Amino acid sequence: MAEYDKKELIKAAIEVRKNAYAPYSGFYVGAALLAESGKVYTGANVENCSFPVGTCAERSAFAAAISSGERKFTAVCIVGEKNNNPLLGADYCMPCGMCRQFMTEFCDKDFEIISAKNEEDYKVSRLGDLMPGAFMLFAGF
Ligand code: THU
């Protein structure tokens with residue numbers, strides 16, 4: 001795995017979290033995704049009054065990256081917590097099951113997921129550990 005700047009990703013996730021639309025849960029999430037190209041794509045959660053229609057921050061970031069032609073990824077940073085204010089601090093936020101499945105489509109087992117409270121306080125997980133035995137139509141994961 002190539003070295004990359006975790007703090008830069010955390011900063012980007014904190015910044016985009018300010019744009020999260022989460023009036024129903026009060027759980028504001030930002031995600032910053034590093035593609036193998038070196039570019040960073042960001043996304044926030046976008047809720048809806050019809051609750052299942054809402055989407056997570058990670059999938060927003062992936063959708064932006066994939067729509068720009070990216071297909072390979074190194075790491076994603078997630079920043080979120082339920083405090084009804086995207087400007088307040090975060091707890092370690094882990095990706096939901098749907099996002100884990102979504103990521104297995106594009107990422108290897110060593111893809112890193114950084115759950116960050118802030119630039120100094122974060123933990124790193126690998127997709128292969130969070131999603132063992134993932135369903136795949138094609139071999140690869
Ligand atoms: N959410 C994310 O955006 N990412 C996660 O990793 C966990 C959950 C969002 C979905 C919903 O808008 C809110 O957080 C509460 O579940």
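The values are calculated or read from the model by the stated rules, or taken from the named source; none is laboratory data. Fair warning: this is a prediction, and the values are worked out from it, not measured in the lab. Heads up, the Cβs are rebuilt from the backbone with ideal geometry, glycines too, and the neighbour counts pull from every protein chain shown. Protein only, heavy atoms only, side chains kept; ligands, DNA and RNA dropped before computing areas. Shrake-Rupley method; radii C 1.70, N 1.55, O 1.52, S 1.80 Å.
The set of residues in segment 8-29 that are of a type in the set (Val, Ile, Thr), out of contact with any Ser or Thr (no Cβ under 8 Å at 6 or more places or on another chain) and within 13 Å of the ligand (Cβ to nearest atom) contains only VAL29. Restricting attention to segment 39-60, the residues that are near the ligand (Cβ under 8 Å from one of its atoms) and over 14 Å from the mean Cα position of the chain (by Cα) total 2. Checking segment 30-38 against the condition returns no match, with no residue being within 11 Å of the ligand (Cβ to nearest atom) and open to solvent by 70 Å² or more (accessible area, probe 1.4 Å). Restricting attention to segment 84-117, the residues that are assigned to a loop (DSSP other than H, G, I, E, B) and either in contact with a helix residue (DSSP H, G or I) (Cβ under 6 Å, 6 or more places away or on another chain) or free of Cβ contacts under 8 Å to residues at least 12 places away in the same chain (or both) total 7.
Among residues of segment 47-64 that are of a type in the set (S, T, N, Q), those with a Cβ under 9 angstrom from a residue that is in a helix (DSSP H, G or I), sequence gap 6+ or separate chain, pair up as THR55/ALA63; SER60/VAL16. Assessment of segment 91-98 against the conditions (of a type in the set (Phe, Trp, Tyr) and within 11 Å of the ligand (Cβ to nearest atom)) yields at least one matching residue. Sort out which residues of segment 65-83 are in contact (Cβ under 8 Å) with a residue 12 or more places away in the chain, of a type in the set (Ser, Thr, Tyr) and more than 21 Å from GLU3 (Cβ to Cβ), and write them in order of number. Listed by number, the list holds a single entry, SER68.
Look at ALA63 and say whether it is over 10 Å from the mean Cα position of the chain (by Cα) and either open to solvent by less than 20 Å² (accessible area, probe 1.4 Å) or modelled with pLDDT of 95 or more (or both).
Against the criterion (over 10 Å from the mean Cα position of the chain (by Cα) and either open to solvent by less than 20 Å² (accessible area, probe 1.4 Å) or modelled with pLDDT of 95 or more (or both)), ALA63 qualifies.
Scanning segment 93-120 for residues that are exposed (fewer than 12 other Cβ atoms within 10 Å of the Cβ) and within 17 Å of ASP5 (Cβ to Cβ) returns a single hit, GLU120.
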